[in-house]
Amino acid sequence: MGDCILEKYYIVTYGCQMNIHESEKIAGILRRMGYESAKELSEADIIVFNTCCIRENAENHAFGNIGALKKLKKQKPDLLIVVGGCMTQEKGKTEILKKKFPFIDVMFGTLNLEDLETLIRRKKAQKKKVIEIREKEGEIVEFTDAYRTSYPNAWVNIVYGCNNFCSYCIVPYVRGRERSRNPENIIREVKELVAQGYKEITLLGQNVNSYGSDGKTECTFAQLLDAVASIDGEFRLRFMTSHPKDFNEDVVKVMKKHPKICRLVHLPVQSGSNTILSAMNRRYTREKYLEEIKMLRSYLPEAEVTTDIIVGFPGETEKDYLQTEALVKEVDFASAFTFVYSPREGTKAATMDGQISEDVQKDRIMRLVELVNAQTRKKSEKYVGKEIEILCEDYDEKKGLYMGRDEFGRMGYFPCEHNCIGEFVWVKITKANGISLFGEICR
Ligand code: SAH
Ligand code: SF4
Ligand code: F3S
């Protein structure tokens, strides 16, 4: 046991699933050190901000919340404030954070998460703040003690970093080059999770399809998926994110072979216009994207697709935007995450000509959201009267109902006499409300 048994931690997480899982690893480190989790920020002895810098508003959120701690730190001078994640890894941001918030005690980056314990200990032994950001990625460090908080769901990294340099995106700069984990380690981790009773495993990577292409393993993503899906036990398998430039038939064949793999692919299209896709350096065309959807549905007609879309990218004309709308209609996505383009310093797109005005961006995002919502609503309504299998994930206090998802990611709420979190239940849908479904257990 560590040396600070009664001290408590609180972690604030921003950003993607990758970051949420990384916070579970941070929690694992802190618990190993003897900290316990605090229910509220105000009762914590150490607060860790795991930041995101994908869009400006993600950064503003973090700036606001870190800034708000100034008062608490004054009242509690022994409180340790730690900042890590993608923002600290961003060029020049550490300096800004240091100047703006001199009360930060420790800063670490995405490439030295494993050093966190040492850095905290060093800070405790000295007055001076400890800032250590690693510039280059090292060998993968295997974490064995992530403290998972999403039961019955568990996230498993398969590849870290990104090599794609989409022209708008900061991720390759703050997460380093692609590093694939050894397949044996991944399979061992999933086996352990299944043995512990986890019911939904999601394999994580910025581009899962490029797993192995760094030469770290001979195993391809399709082979890895096949191996993981072959693990005995009752669980669902998902993977995220697929990149349309690399998504392929081999993967779809493995999906077809294993009913355990959810028939849902998150395949971010970003834009429906070839001009914009090329300026984004996405390295596929609208036609190739549509071909892939066709291929997927030829093997698995029931398959659903979700996506990410950016509007207002530099140079996007009304005609380009309308091509995105047309593509959304054609594919009929189960759902779509829609974003307004946010310039990120250091990326190619940030200095491109033709930056779009805020008014035009707002207009386009509003129209797109309306279209996407209408489609999602229509899909939800089709569920009424159907029986679907839901993995119960949580109890919604406000609604007084249990909630979970079907394999297509559709959220369903239902009453249950006993605590059924972690159970697969069949629910007959009686009502649809926006993206949420409501029903009764039927089998
Ligand atoms: N690796 C994944 C996504 C990572 S980021 C992929 O390639 O699809 C998640 C989403 O954020 C992206 O799909 C994109 O739609 C959006 N995004 C990334 N950078 C952005 C920026 N600068 N402005 C607005 N949206 C952005
Ligand atoms: Fe960013 Fe593109 Fe990498 Fe996704 S694939 S993380 S959008 S650079
Ligand atoms: Fe994720 Fe945000 Fe970093 S989306 S990879 S936490 S920049």
Options G34, G64: the member that is of a type in the set (G, A, S) and at positive phi: G34
Which residue out of N60, N50 is modelled with pLDDT of 95 or more and surrounded by fewer than 22 Cβ atoms within 10 Å (Cβ to Cβ)? N60
Does N19 qualify as being within 16 Å of the chain's Cα centre (by Cα), in contact (Cβ under 8 Å) with a residue 60 or more places away in the chain, within 16 Å of ligand 1 (Cβ to nearest atom) and in a helix (DSSP H, G or I)? yes
Mind listing whichever residues of segment 425-434 are under 18 Å from D394 (Cβ atoms) and surrounded by 16 or more Cβ atoms within 10 Å (Cβ to Cβ)? V425, V427
Can you pull out every residue in segment 125-178 that is basic (K, R), away from ligand 2 (no atom under 16 Å from the Cβ) and under 17 Å from the mean Cα position of the chain (by Cα)? R148
Could you tell me whether G85 is in contact (Cβ under 8 Å) with a residue 60 or more places away in the chain, among the small types (G, A, S) and not assigned by TED's automatic domain parsing to the domain that holds V174? yes
Meets criteria (crowded, with 18+ Cβ neighbours inside 10 Å and touching a Cys at 6+ places or on another chain (Cβ under 6 Å)) for V174: yes
Condition set among the hydroxyl-bearing types (S, T, Y) and within 23 Å of L290 (Cβ to Cβ), scope segment 225-277, selection farthest from ligand 1 (Cβ to nearest atom): answer is T275
Does segment 275-295 hold any residues that are within 16 Å of ligand 2 (Cβ to nearest atom) and not β-branched (V, I, T), and which are they? L277, S278, A279, M280, N281, R282, R283, Y284, K288, Y289, E292
Considering segment 47-69 alone, what residues qualify as being away from ligand 3 (no atom under 12 Å from the Cβ) and either over 26 Å from T347 (Cα atoms) or touching a residue at least 40 places away in the same chain (Cβ under 8 Å) (or both)? I47, V48, N65, G67, A68, L69
Tell me which of these Y168 doesn't satisfy, since it passes every other one: (1) within 16 Å of ligand 3 (Cβ to nearest atom); (2) under 26 Å from K25 (Cα atoms). (2)
Residue check, A229 farther than 28 Å from S271 by Cα and either buried (at least 17 other Cβ atoms within 10 Å of the Cβ) or acidic (D, E) (or both): yes
Could you list all residues from segment 274-319 that are without any contact (Cβ under 8 Å) to a residue 40 or more places away in the chain, in contact with a helix residue (DSSP H, G or I) (Cβ under 6 Å, 6 or more places away or on another chain) and assigned to a loop (DSSP other than H, G, I, E, B)? T285
Would you check which residues across segment 89-105 are surrounded by fewer than 24 Cβ atoms within 10 Å (Cβ to Cβ) and not basic (K, R) and list them? E90, G92, T94, E95, I96, L97, F101, P102, F103, I104, D105
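The values are calculated or read from the model by the stated rules, or taken from the named source; none is laboratory data. Note that the structure is a prediction, hence the values are computed from the model and not measured. No Cβ is skipped: glycine too gets one built from the backbone with ideal geometry, and neighbour counts run over all protein chains shown.
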